[in-house]
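Undergrad: Encoded as structure tokens, here's the structure I'll be asking about.
The values are calculated or read from the model by the stated rules, or taken from the named source; none is laboratory data. Source: prediction; values computed, not measured. Cβ placement follows ideal geometry from the backbone for every residue including glycine, while neighbour counts extend to all protein chains displayed. Surface accessibility is based on the protein's heavy atoms, side chains included, excluding ligands, DNA and RNA. Shrake-Rupley method; radii C 1.70, N 1.55, O 1.52, S 1.80 Å.
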Amino acid sequence: MKMSLFGRVLALHVGVIALLFVLQFVLPDYHHLAMTRVMLLAIYAMGYNMLFGYTGLLSLGHAMLFSAGLYGAGLTAYYTDWGVPVAFLVGIGCGFSLSLVIGLVSLRTTGVAFMIVTMMFSQVAYLTITYFTDYTRGEEGLTMPQAARSFDLVGLHIDLTDATQRYNLALILLSITMIVIFSVVKGPIGRVLIAIRENEPRTVMLGYNTFRLKLIALVISGTISAMAGAAYALLFAYIGATFATIQYSIEPLLFTLLGGAGTILGPLLGTVAMFYMIDIASEYTTAYLLVTGVALVLLVIYFPKGILGTIRERWLPWLP
């Protein structure tokens with residue numbers, strides 16, 4: 001990447017993070033809370049985009065990975081006194097382990113078969129959560145105890161009931177996710193993943209172990225998704241089986257398609273657009289999903305590769 005091009009890309013990402021940081025000082029309380037949630041969902045969508053947008057694998061099982069982080073962190077915080085940081089790491093570890101195991105099985109399939117296998121695994125995860133209702137409370141869910149709402153880290157006292165601290169923690173995690181994804185997709189592995197997306201047989205012919213590389217992509221994707229789930233459980237103090245339903249596997253796909261698959265900032269833009277599209281439409285009509293559906297159809301017609309994907313194709317080819 002040429003230095004001038006790298007400078008523009010760096011400036012764009014730093015500018016987005018700076019804008020999100022400044023927004024917390026001007027947003028009213030409702031939108032302050034909403035943007036915290038949006039940033040966590042954007043992290044989830046970015047993790048999904050790592051697999052779908054850059055590797056070309058369509059998964060309908062990511063709710064399972066999001067829930068692995070959600071329940072790994074949430075149940076640890078609820079039933080033990082290990083503390084929030086340890087609970088967060090447990091959630092990430094659950095996502096990493098589960099994505100590795102699921103990847104070793106599901107990646108032996110391709111195309112529609114891969115999509116169906118991941119969806120079936122996700123359904124098994126949902127049924128498991130509802131089966132162990134004595135511990136998970138199923139659809140009713142669990143609310144985190146007060147002990148899981150604050151912690152001390154490197155001399156700082158973090159209070160998760162404070163809206164400003166929640167917002168900035170979500171922003172820090174979003175920034176870390178951007179850095180990780182940028183490092184991967186702009187490095188040698190990222191280039192091969194794109195090659196797999198475009199033409200896997202040719203990539204195999206060039207001597208690459210595509211199974212291993214797809215597994216790496218799935219593990220990175222699953223770990224990021226689990227991190228978003230773990231953060232969601234701890235920052236919003238709630239875990240429930242709803243987060244393991246098929247809806248939460250479809251949402252990151254929609255966020256990614258809307259913002260632009262295969263772009264770093266596309267999932268963030270798609271999450272913001274979708275969230276506020278539904279939020280604004282629901283204020284005027286109970287048929288807000290119909291309004292949202294019409295808007296999405298129009299966006300697909302005029303922005304066939306998503307908002308950022310189409311902008312990159314037509315006007316700004318340097319967008320990552």
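Undergrad: Identify the residue in region 128-167 that is of a type outside the set (Val, Ile, Thr) and part of a strand (DSSP E or B) and, among all such residues, is nearest to the chain's Cα centre (by Cα).
TA: Ranking the qualifying residues of region 128-167, first place goes to Leu142.
Undergrad: Can you confirm whether region 37-57 contains a residue that is open to solvent by 10 Å² or more (accessible area, probe 1.4 Å) and farther than 20 Å from Leu174 by Cβ?
TA: Scanning region 37-57, I find at least one residue that is open to solvent by 10 Å² or more (accessible area, probe 1.4 Å) and farther than 20 Å from Leu174 by Cβ, so the answer is yes.
Undergrad: Give me a count of the residues in region 237-256 that are in a helix (DSSP H, G or I) and either over 16 Å from the mean Cα position of the chain (by Cα) or of a type in the set (A, V, I, L, M, F, W, C) (or both).
TA: Looking only at that region, the number is 8.
Undergrad: Another question, if that's okay. Condition first: more than 14 Å from the chain's Cα centre (by Cα), on the phi > 0 side of the Ramachandran plot and open to solvent by 10 Å² or more (accessible area, probe 1.4 Å). Can you find one or more residues in region 263-281 that meet it?
TA: no
Undergrad: Mind counting the residues in region 73-96 that are over 9 Å from Ala226 (Cα atoms) and either among the β-branched types (Val, Ile, Thr) or part of a helix (DSSP H, G or I) (or both)?
TA: 15
Undergrad: Taking interchain pairs and intrachain pairs at least six residues apart, which have beta carbon atoms under 8 angstrom, with the first residue in region 294-320 and farther than 14 Å from Ala261 by Cβ and modelled with pLDDT of 90 or more and the second part of a helix (DSSP H, G or I) and open to solvent by less than 30 Å² (accessible area, probe 1.4 Å)?
TA: From region 294-320, the pairs are Tyr302/Thr310.
Undergrad: Here's another thing I want to ask about it. May I ask you to list the residues in region 70-88 that are in contact (Cβ under 8 Å) with a residue 60 or more places away in the chain and of a type outside the set (Phe, Trp, Tyr)?
TA: Leu70, Gly72, Ala73, Gly74, Leu75, Ala77, Asp81, Gly83, Val84, Pro85, Ala87
Undergrad: Anything in region 1-49 that is more than 20 Å from the chain's Cα centre (by Cα) and among the aromatic types (Phe, Trp, Tyr)? List them, or say none.
TA: Result: Phe6, Phe25, Tyr30.
Undergrad: Test of understanding: among Leu234, Leu215, which residue is out of contact with any strand residue (DSSP E or B) (no Cβ under 9 Å at 6 or more places or on another chain), assigned to a helix (DSSP H, G or I), open to solvent by 10 Å² or more (accessible area, probe 1.4 Å) and among the hydrophobic types (A, V, I, L, M, F, W, C)?
TA: Residue meeting the stated conditions: Leu215.
Undergrad: Residues in region 197-217: is at least one modelled with pLDDT of 95 or more, charged (D, E, K, R) and in contact with a Phe, Trp or Tyr (Cβ under 8 Å, 6 or more places away or on another chain)?
TA: yes
Undergrad: When you look at Phe255, is it at pLDDT 95 or above, under 28 Å from Leu107 (Cα atoms), in contact with a Pro (Cβ under 8 Å, 6 or more places away or on another chain) and buried (at least 22 other Cβ atoms within 10 Å of the Cβ), yes or no?
TA: yes
Undergrad: Does Leu169 satisfy being in contact (Cβ under 8 Å) with a residue 40 or more places away in the chain, hydrophobic (A, V, I, L, M, F, W, C) and open to solvent by 30 Å² or more (accessible area, probe 1.4 Å)?
TA: So Leu169 fits the description; yes.
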